[in-house]
Each structure stands twice: as C-alpha cells, then as structure tokens.
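One structure, pasted below without further comment.
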Amino acid sequence: MKLYHGSTSVIDLPQLGKGNHRNDYGLGLYCTEHVELAKEWACSSGKDGFVNGYNLDMTDLTVCDLTQHHILNWMAILLENRTFDLSAGVASAARDYMLQNFLPEYRNFDIIRGYRADDSYFSFARDFLNNSLSLEELAEAMKLGELGEQVVLKSEKAFSMLTFDKAAPVDSSTYHPKWVSRDQKAREDYRKMKERSNPLEGTFIIDIIRQQWRNDDERLR
C-alpha cells in the first residue's frame with residue numbers, strides 16, 4: 001500500500017509513540033492513500049510543510065476497517081480519544097452510554113482505517129452528542145465535503161513493515177486555501193442539510209439512551 005503523511009517536517013523514520021495521543025484513534029502514524037489530501041493536511045496550520053511518502057507491506061497485518069462498522073462505533077472511539085465539550089447534561093450521559101455500549105475492540109489491530117475527524121466532522125459529532133443532530137443526519141453528514149479517510153499505523157509490527165520512499169515540500173500558499181475550502185464546503189453543505197431537516201423526525205441520542213439500544217441492535221443496520 002502506498003501511503004502519504006502530511007507534516008511540517010520530513011519524517012523518514014516514523015516511530016510508534018510519537019505525536020499527539022489525543023488524535024482520533026490515539027497514538028499512531030496518520031496517513032492517507034491520496035497525495036493531494038496529504039498536501040492539504042501538511043499545510044493545515046497555514047505554514048509550508050512536507051508530504052512524506054511510504055510503502056507499507058500489508059503481509060499478515062490486521063486491519064480494523066471502521067468504514068465497515070456503524071457510525072456509533074466510530075463515535076465511541078472518538079469519545080475515548082478526543083476532547084469534547086460536554087457541558088450539557090445530555091452530552092455527558094451520551095458519552096458514558098456510548099462508551100459502555102458501542103466502543104468496539106480496536107486497540108489490538110495493526111492498522112485502523114476510518115473517517116478523519118477534521119474540524120467540521122468534529123462539530124457534527126459534537127452536535128449529535130448534544131442532541132441537536134439525529135443519527136440519520138450524522139450518517140449523511142459524514143459524506144459531506146469529501147474530507148477523506150485515513151489509514152493509521154498502530155503497532156510496532158505495522159511500523160516495521162513501513163518503508164520510507166521520499167518527502168517533497170508543500171507550498172502553503174497553494175494548499176492551505178484548499179484545506180480551508182474543503183472544510184468550509186463541508187460546513188456549508190451541513191448548514192443546508194440542517195435547514196431542510198425536521199427536528200421531529202429521526203433518531204436522536206436521547207432516544208438511543210431511553211430505548212436502551214445496544215451494539216447489535218437491528219435498528220443500526
């Protein structure tokens with residue numbers, strides 16, 4: 001598998017345990033299969049960066065593909081790793097319920113594939129927890145803006161199968177506006193979706209809690 005990692009520096013020897021442990025899926029090397037997307041991520045801070053290219057030998061590596069799980073599994077993993085504003089009472093109760101009932105076993109996999117929780121996606125998840133976005137709308141929102149999926153290396157075994165190819169400089173004057181535009185498009189599409197939504201329809205987190213939904217609930221299919 002060919003992978004790309006956008007960064008402010010060249011990373012020719014990635015190491016497990018480095019980086020931000022509050023990322024979407026915890027510590028790991030966050031990559032994409034799309035070089036143009038990696039270039040945008042490299043300049044997300046508004047500074048010039050680098051796109052690092054790697055080759056990953058997938059032989060015998062285990063993969064947790066969250067795109068094949070339901071959306072509440074993805075949400076529960078975010079809740080375990082990211083920092084959310086849980087000031088509202090329902091949001092705090094939602095967090096506890098999600099972690100108790102929908103957190104999948106993902107820690108022992110070598111690779112995780114899933115959505116990338118950019119700022120706009122993160123705001124969708126927060127609205128769901130605060131009971132202002134239905135489950136059906138959350139699933140629709142995840143398709144907005146084409147923010148992409150990420151491939152995350154999570155184990156020593158995965159890192160040992162990774163080979164550095166090359167790094168190329170990325171000009172922020174070109175790619176930071178693209179990153180901003182992608183995020184803004186997702187937010188604008190989300191605003192339009194909310195304008196045509198009916199708050200009396202759909203399944204909200206308070207419904208899920210009151211009706212005692214579980215991970216194998218047929219309604220999640």
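Could you count how many residues in segment 52-82 are open to solvent by less than 10 Å² (accessible area, probe 1.4 Å) and either in contact with a helix residue (DSSP H, G or I) (Cβ under 7 Å, 6 or more places away or on another chain) or closer than 26 Å to residue 217 by Cα (or both)?
10
If you go through segment 165-209 one residue at a time, how many are touching a residue at least 24 places away in the same chain (Cβ under 8 Å) and of a type in the set (D, E, K, R)?
11
Something else about it: Just for segment 126-157: of the residues that are at pLDDT 75 or above and under 20 Å from residue 178 (Cβ atoms), which one is least open to solvent (accessible area, probe 1.4 Å)?
150
Go through (1) closer than 24 Å to residue 122 by Cα; (2) in contact with a strand residue (DSSP E or B) (Cβ under 9 Å, 6 or more places away or on another chain); (3) touching a residue at least 24 places away in the same chain (Cβ under 8 Å); (4) not in a helix (DSSP H, G or I) for residue 52 and report which single condition fails.
(1) is the only condition that residue 52 fails.
May I ask you to say which residue of 185, 166 is surrounded by fewer than 17 Cβ atoms within 10 Å (Cβ to Cβ), part of a helix (DSSP H, G or I) and of a type outside the set (Phe, Trp, Tyr)? Steps first, please.
Details: 166 fails: part of a helix (DSSP H, G or I).
Answer to the check: 185.
Looking at segment 6-28, which of the residues that are closer than 17 Å to residue 115 by Cβ and either aliphatic (A, V, I, L, M) or crowded, with 22+ Cβ neighbours inside 10 Å (or both) is modelled with the lowest pLDDT?
To start, the set of residues in segment 6-28 that are closer than 17 Å to residue 115 by Cβ comprises 6, 22-26, 28.
Filter once more, keeping what is either aliphatic (A, V, I, L, M) or crowded, with 22+ Cβ neighbours inside 10 Å (or both): 6, 24-25, 28.
On the way: 6: 95, 24: 81, 25: 87, 28: 92.
The residue in question is 24.
Only residues that are of a type in the set (Asp, Glu) and either open to solvent by less than 100 Å² (accessible area, probe 1.4 Å) or on the phi > 0 side of the Ramachandran plot (or both): list them for segment 188-221, please.
Narrowing segment 188-221 to residues of a type in the set (Asp, Glu): 188-189, 195, 201, 207, 216-218.
Those that are of a type in the set (Asp, Glu) and either open to solvent by less than 100 Å² (accessible area, probe 1.4 Å) or on the phi > 0 side of the Ramachandran plot (or both): 188, 189, 207, 217.
Here's a follow-up. Residue 20 fails exactly one of the following numbered conditions: (1) more than 21 Å from residue 166 (Cα to Cα); (2) assigned to a helix (DSSP H, G or I). What is the number of that condition?
It fails just one condition, (2).
Among the residues of segment 36-49, write down those that are in contact with a Lys or Arg (Cβ under 9 Å, 6 or more places away or on another chain), open to solvent by 20 Å² or more (accessible area, probe 1.4 Å) and at pLDDT 95 or above.
If we filter segment 36-49 for residues that are in contact with a Lys or Arg (Cβ under 9 Å, 6 or more places away or on another chain), which is where we start, we get 36-37, 39-41, 43, 49.
Next, only the ones that are open to solvent by 20 Å² or more (accessible area, probe 1.4 Å) stay: 36, 39, 41.
39, the sole residue that qualifies.
State which residue pairs qualify: first residue open to solvent by 20 Å² or more (accessible area, probe 1.4 Å) and inside segment 95-112, second residue among the hydroxyl-bearing types (Ser, Thr, Tyr) in any location, beta carbons under 7 Å apart, and separation of 6 or more residues or different chains.
From residues that are open to solvent by 20 Å² or more (accessible area, probe 1.4 Å), the pairs are 109/62.
Just to be sure I understand, how many residues within segment 113-125 are open to solvent by 10 Å² or more (accessible area, probe 1.4 Å), modelled with pLDDT under 80 and of a type in the set (Phe, Trp, Tyr)?
1
The values are calculated or read from the model by the stated rules, or taken from the named source; none is laboratory data. Quantities reported herein were computed from a predicted structural model and do not represent experimental measurements. A quick note on method: Cβ atoms are made from the backbone with ideal geometry, for glycine too, and the neighbour counts reach across all protein chains shown. What goes into the accessible areas is simple: the full protein's heavy atoms, side chains included, and nothing from ligands, DNA or RNA. Shrake-Rupley method; radii C 1.70, N 1.55, O 1.52, S 1.80 Å.
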